[in-house]
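What follows is a short report on a single structure.
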Amino acid sequence: MSEDIRPIVIKRIKKGGGGHHGGAWKLAYADFVTAMMAFFLLMWLLGSTSNGDLKGLAEYFQNPLKVGLSGGSGAGDATSILKGGGRDLTSSAGQVKRGDVEAERRARTTEELRKEFERRERVSLTELKNHIQKLIEDSVNLRQFKDQLVMDVTTEGLRIQILDEKNRPMFDTGSDELKPYSQEILREIGKALNAVPNKVSFSGHTDAAQYSGGERGFSNWELSADRANAARREMITGGMDENKVLRVVGLSSTVLFDKNDPLSPSNRRINIVVLNKRTEEAMLTESGDADVTVDVPDETAPAPAPENGGK
């Protein structure tokens, strides 16, 4: 064999192992990070989704075939009041139900309408007050009694107070007999009240002078009730609609006009209140479903003369 011909030797280097020094772990780590991103994204979506949408998702995963075949119920509107369309008032937007928002809006609108009604009603009662004042001022017979007529708009409505004066009482002493000029005043007021639809309340008042028999017999309670009813009858005679009467009461001397002088003639008066709607509803609620509540005293009971007189 020639020395120039040498055998070809092939060296094969085997690289074994490598372990953690390889690149396979990078793929696994990338998959893990991707999975974690998907998980946190899912958590964020669930946290920001309304309860109504979550219920729809739950329905889908519980019964996907029903949703796929028929749609509608089970696709998020399982609790919808309006099937197949419309807004679901039971669904939620954030933490507030749409139905709650609609109810609050309706309540706010109702309250605004009520306030507007009360404002207009107050204007109407003020106009009625001015009209009655003009009637008294324009009448030659009634003008001299205008100082005995006190009118103001209160929280209950238009209050009209007709007061006694020392030398010009509305009634005879210890009696419910009206003086002629008192009859004329009441009739004019009665006709004027027909201009408004409001109900009317009557209350009779006396001074603090007591009857000789005290409170056990005929007393200021009966007398004040008799006088209130006499005023009611006179106004109806003058043309006031009798269905306007809601309440007639006698309050004796419990509510004094002149608190500094319980025996003052001004404490002997008739109060006529043209009731606003709120007060009327309160009275009707208090007295049940009766349309008219009238305190009618025993007309057969004797009416002895008062001990101090001047009631």
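Within 10 Å of each residue's Cβ, count the other Cβ atoms and sort Val150, Val9 from fewest upward.
Val9, Val150
Scan around Glu165 for amide H atoms under 5 Å from its own, H built in the peptide plane at 1.01 Å from N, and keep only partners 5 or more places away or cross-chain.
For Glu165, the qualifying residues are Met170.
What FRET efficiency comes out for the pair Lys179/Thr155, r = Cβ-Cβ distance, R0 = 30 Å, nearest 0.05?
0.40
Counting Lys and Arg as +1 and Asp and Glu as -1, each charge on the Cβ, what is the dipole of the stretch 121-294 about the Cα centre in debye, to the nearest 20?
280
Please order Val274, Val123 by the number of other Cβ within 10 Å, starting at the fewest.
With the fewest neighbours first, Val274, Val123 line up as Val123, Val274.
Counting only residues 5 or more places away or on other chains, whose amide H sits under 5 Å from the amide H of Ser252 once H atoms are built in the peptide plane?
Thr206, Ser224, Ala225
Can you give me the convex hull volume of the Cα atoms of the stretch 121-294, divided per residue and expressed in Å³? Intermediate values should be presented prior to the final figure.
Working: hull volume 20.2 nm³, N = 174.
Roughly 116 Å³ of hull volume per residue.
Summarise the long-distance tail of P(r) for the stretch 176-278 by giving the % of C-alpha pairs beyond 22 Å.
33
Between Val33 and Ala282, what is the spin-label point distance in nm, taking each point 7 Å from the Cα along the Cα→C-beta axis?
Label at Val33, label at Ala282, 7.4 nm between them.
Considering amide H positions built from the backbone, and no H for Pro or chain starts, which residues 5 or more places from Ile270, or on another chain, come under 5 Å of its amide H?
Ile162
Which of Glu127, Glu222 has the fewest other C-beta atoms within 10 Å, and how do the rest follow up to the most?
Numbers: Glu127 13, Glu222 21.
Ranking Glu127, Glu222 by Cβ neighbours within 10 Å, fewest first, gives Glu127, Glu222.
Quick one: what are the phi-derived ³J(HN,Hα) couplings along the stretch 265-282, Karplus 6.51/-1.76/1.60 with θ = phi - 60°, whole Hz, x for glycine and proline?
Along the stretch 265-282, the couplings run x, 5, 6, 8, 7, 10, 9, 10, 10, 7, 6, 7, 5, 5, 5, 4, 5, 5 Hz.
Here, each number is a calculation from the coordinates, and none is a lab measurement. The model shown is predicted, which means the values in this text are computed figures rather than measured ones. Glycine also receives a Cβ, built like all others from the backbone with ideal geometry; neighbour counts cover every protein chain displayed.
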